[in-house]
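The values are calculated or read from the model by the stated rules, or taken from the named source; none is laboratory data. Everything numeric in this text was worked out from a predicted model, so none of it was measured. Here Cβ is always computed from backbone atoms with ideal geometry, including for glycine, and neighbour counts include all displayed protein chains. Only protein heavy atoms, including side chains, enter the accessible area calculation; ligands, DNA and RNA are left aside. Shrake-Rupley method; radii C 1.70, N 1.55, O 1.52, S 1.80 Å.
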Amino acid sequence: MKFWDSFLTWLKIKKKQANVLIVGLDNSGKSTVVQHLQSRGKRSEVTVPTIGFNVEKFQNAGLTLTAFDMSGQSKYRPLWERYYNDCHGVIFVIDSSDTMRMAVACNELQLMIQHPEMVKNRSTTLGVPILILANKSDLDSAIPIGQVRAELRLDDIETHPIHLEASNALTGVGLHAGLQWLSEQIIKSNF
Ligand SMILES: Nc1nc2c(ncn2[C@@H]2O[C@H](COP(=O)(O)OP(=O)(O)OP(=O)(O)O)[C@@H](O)[C@H]2O)c(=O)[nH]1
Ligand SMILES: [Mg+2]
């Protein structure tokens, strides 16, 4: 079966499957990001706070991505680590206007990258690639992307491939570029 899967993938008849974990604090825009990536902007449903998590699929760069859209509420955050073992990439969504909780977001990011399941990667010495979306960049109260980089201490992270992209999940700005980077990193990791 595995041979057939690989053979069909090689023939480009079947797309390679990868798991992407979507995390970040509550209200940062995770479900809105997923909704946009899935519908390519054709639909605009109102999102409700996620309970537990939702699983959605979409395609990009020859990959079929299974997205685990996790709830960001503090009582559900312990759920995130249960999915680290089997994830090939992470989208960490930040509300760029939520300056009061930037330190909380930074702490959650640090906890995640230090988790043993996130450090090991199939065939490289680097950990799972992480796309950080500085979301809600359309809001006047959003801080500049350079400040998001500093507040999250991204320049200190050496264990994981990291990419920071400003985004607006309502219009889709930044999402395609960010997802393209993540897909390329996943393909490179030869999972
Ligand atoms: N202005 C603006 N609003 C956004 C953006 N992205 C999401 N929102 C809004 O932010 C609110 C929360 O979005 P969700 O996608 O439900 O947030 P979430 O991160 O999934 O939240 P939880 O499921 O509770 O963890 C909604 O009202 C969205 O419409 C954005 O880029 N800009
Ligand atoms: Mg949600």
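Averaging sequence separations of C-alpha pairs under 8 Å and six or more residues apart, then dividing by the length of region 90-157, give the relative contact order as a whole percent. Display every interim value, and only then the final one.
Values: 71 pairs, mean separation 33.0, N = 68.
Relative contact order comes out at 49 percent.
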Inset, instruction - Would you work out the relative contact order for the chain, in percent, from Cα pairs under 8 angstrom that are 6 or more residues apart? - result: 23
Inset, instruction - Go through K30/K57; K30/K75; K16/K136; K15/K136; K16/K188; K136/K188 and tell me which ones have a Cα-Cα distance over 20 Å in this structure. - result: K16/K136; K15/K136; K136/K188
Inset, instruction - Give me the angle, in degrees from 0 to 90, between the Cα long axis of helix 30-39 and the longest principal axis of the Cα atoms of the chain, rounded to the nearest 10. - result: 50
Inset, instruction - Let me see the pair-distance distribution of region 16-188: every alpha carbon pair, 10 Å bin width, integer percents in order. - result: 10, 43, 39, 8, 0
Inset, instruction - With both partners inside region 16-188, how many of the DSSP beta bridges are antiparallel, as a percent to the nearest 5? - result: 30
Inset, instruction - Could you check the simple spin-label distance between R101 and R153, using points 7 Å along Cα→Cβ, in nm with one decimal? - result: 2.1
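Probe of 1.4 angstrom, ligands and nucleic acids ignored: what's the accessible area per residue over region 22-138, in square angstrom?
On the way: 5290 Å² over 117 residues.
Per residue, region 22-138 has 45 Å² of solvent-accessible surface.
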Legend entry - Helix 102-114 vs. the chain, principal-axis angle (Cα, 0 to 90°, nearest 10): 30
Legend entry - Degrees separating the helix 175-188 axis from the principal Cα axis of the chain, which is the longest one: 40
Legend entry - Amide H contacts of D26 (H built 1.01 Å from N, under 5 Å, at least 5 apart or other chain): G72, Q73
Inset, instruction - Please compute the Cα-Cα pair-distance distribution of region 123-190 with 5 Å bins starting at 0, giving whole percents from short to long. - result: 4, 17, 25, 22, 18, 10, 4, 1, 0
